[in-house]
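Written out below as structure tokens is the structure these notes cover.
What follows is calculated from the coordinates using simple rules that are stated; it is not laboratory data. None of these values were measured; they are calculated from a predicted model. Note that we place each Cβ from the backbone using ideal geometry, even for glycine, and neighbour counts take in every protein chain shown.
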Amino acid sequence: QVQLVESGGGLVQAGGSLRLSCAASGGTFNMYVAGWFRQAPGKEREFVAAITGSGGSTDYVDSVKGRFTISRDNAKNTVYLQMNSLKPEDTAVYYCALRNRPALRRGSYDYDRWGQGTLVTVSS
């Protein structure tokens, strides 16, 4: 059973940067697609980014394209989300998730394991 722990959230000024980490344990990490989702107060959870098990392919929601970068270090069993040029609308709880299938997907229902979330607050 894979367990995920996110870290790196916090308060940052608009225009700043933050890097989130998601450490995995208890499974074959490099066999999983990894994704990042976020949920702002009063809104539905939305897809942010995903990466294949090998790191060879990525996918981003349009609102973060060019600003966020998803990456992974399979030797460290860790997924990252580098967030640059942050905007107040990026404020949300960010969750990492794993999918035990090779294809990239954007739906929450496509993922099998979830972390507890880490809060990112971007001030204006």
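Here the Karplus relation 6.51 cos²θ - 1.76 cosθ + 1.60, evaluated at θ = phi - 60°, turns the backbone of the range 68-83 into coupling constants of 9, 9, 9, 8, 8, 10, 5, 5, 9, 6, 9, 10, 10, 10, 7, 10 Hz, with x for every Gly and Pro. Restricting attention to the chain, close to 90% of DSSP beta bridges with both partner residues there are antiparallel. Backbone N atoms of the range 88-107 closer than 16 Å to the 7 Å Cα→Cβ label point of Glu44 belong to residues 106-107.
Take every pair of alpha-carbon atoms less than 8 Å apart whose residues are at least six positions apart; their mean separation over the length of the range 18-90 yields a relative contact order of 35 percent. For the chain, a crude dipole built from +1 on the beta carbon of Lys and Arg and -1 on the beta carbon of Asp and Glu, taken about the Cα centre, is about 120 debye to the nearest 20.
Quote to one decimal, in nm, the extra length available between Tyr109 and Ala23 on full extension: 0.36 nm per residue of separation minus the C-alpha distance between them.
Details: separation 86, 0.36 × 86 = 30.96 nm, distance 2.10 nm.
Gain in length upon complete extension: 28.9 nm.
Using only the C-alpha atoms, the convex hull of the chain corresponds to 91 Å³ per residue. For the range 23-96, applying the loop criterion from DSSP together with a ceiling of 10 other beta carbons within 10 Å to the GluC sites (Glu not before Pro) yields Glu44. Using C-alpha pairs under 8 Å with a sequence gap of at least 6, the mean separation divided by the residue count of the chain gives a relative contact order of 36 percent. In the elastic network of the chain, a GNM with C-alpha springs shorter than 10 Å, the most mobile of Ala40, Ala24, Ala97 is Ala40. Computed across the range 73-124, the Kirkwood hydrodynamic radius from all distinct Cα-Cα pairs reaches 13.0 Å. Taking the square roots of 5 times each eigenvalue of the Cα gyration tensor of the range 1-49, largest first, gives ellipsoid semi-axes of 24, 15, 10 Å.
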